[in-house]
Amino acid sequence: MTVQAQGKNIVPRKAKYNQDFIKRSRGEKIFSVCNTIFMVLLLIFLLYPVLNVVAISMSSETQVMAANVTFYPIGFNPQAYRTIFRDGELWHSIFNSFVVSFGGCVLSLVALCIAAYPLAFGQFYGKKLYSVIIMFTMWFQGGIVPLFLTIQNLGLYDTLWALILNGLISAYNVVIIRSYFDSIPVSVVESARIDGANDYVILFRLIIPLSKPVLATVALWVIVGHWNDYMNPLVLVSSTSNQTLQLKLKALVLAAESSTSNLSTLSQTTDHKGVAALSTQVKNAVLVVSMVPMIVIYPFIQRFFVSGVMLGSVKG
């Protein structure tokens, strides 16, 4: 029973207490505790390998060879990072990876939206065939040799455009964006058409601004895919000036391993152990260098990640 005083409804203390507090059963409390313990253990299992890689890359040679390094550096030594960043070609390869990742992401989002828009809002003859053609590329692929010959015949071999255009459109991403477009009311598009807007105006000034969550999600996938891509640059790029970060880091690892191999016939001296340890440190430092940019970018897109996929999977 509520009491009215000075124009305001006052809820009795007991009723307000019952609304704000919901008593959980014993089973729910046990489940909550077990779930918390499980998630903490899962976090430890997932976080430990990352911390171990970072720790080995920053530890001293003696501790690395003795396998004493766990999840924190022992005897701080940044020699592996000096070896990596002293190479002038590394910075150029980082620049190439940024151009391919972010330039390819922008062009890919535009192409994906143009490809998904007719599937969601278009009414034209052959729409089913158009959909099948897009899905066909998800089920069947030509392979590396036809891809290489096609890129070579187009005059794109050993250029960054070969990497950008090759990953421009993915059938899976088209389906994701099309599903999100389906969740936008058709009345919004119809009202824009009544006002005289054409399809390009509707797409770029209406649909795309309403689709920021799914576009941010797909952008993350595209950027990570280009950044971590190793096979396509290996096949489609030959000159060092167009190498991406992954190829350059692989070259640094091979150089460190070859230094160890050249000394394998020598006696086990302190210098030889130092070179062997440096090889292990360089491998782990390479992993850190390759994943740091994505770790920095992810928090800015993470809030769109779940909402973009979930909203795109529900039509209504």
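Summary table below
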| read-out | value |
| --- | --- |
| Sequence ranges 289-295, 109-115, ranked by mean other-Cβ count within 10 angstrom, highest first | 109-115, 289-295 |
| For the stretch 80-312, convex hull volume per residue from C-alpha positions, Å³ | 159 |
| Residues Met138, Met65, Met58 arranged by fewest to most Cβ contacts within 10 Å | Met138, Met65, Met58 |
| Residues Tyr200, Tyr230 arranged by fewest to most Cβ contacts within 10 Å | Tyr200, Tyr230 |
| Cut-off 15 Å (backbone N to label point 7 Å along Cα→Cβ of Asp199), residues of the stretch 94-113 | 111-113 |
| Length-normalised contact order for the stretch 17-77 - Cα pairs under 8 Å, 6+ apart - percent | 26 |
| Leu234/Ala171 FRET efficiency (R0 30 Å; Cβ-Cβ; nearest 0.05) | 0.80 |
| Distribution of pairwise C-alpha distances over the stretch 17-77, 10 Å bins, in % | 21, 25, 18, 15, 13, 7, 1 |
| Loop-resident sites, the stretch 26-84, for trypsin sites (Lys or Arg not before Pro), counting at most 14 other Cβ within 10 Å (DSSP) | none |
| Ascending count of other beta-carbon atoms within 10 Å, so fewest first, for Ser238, Ser57 | Ser238, Ser57 |
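A short reminder: the numbers here are calculations on the coordinates, not readings from a lab. All values derive from a computational prediction rather than experimental measurement. Don't worry about glycine lacking a Cβ; one is built from the backbone with ideal geometry, like all the others, and counts go over all protein chains shown.
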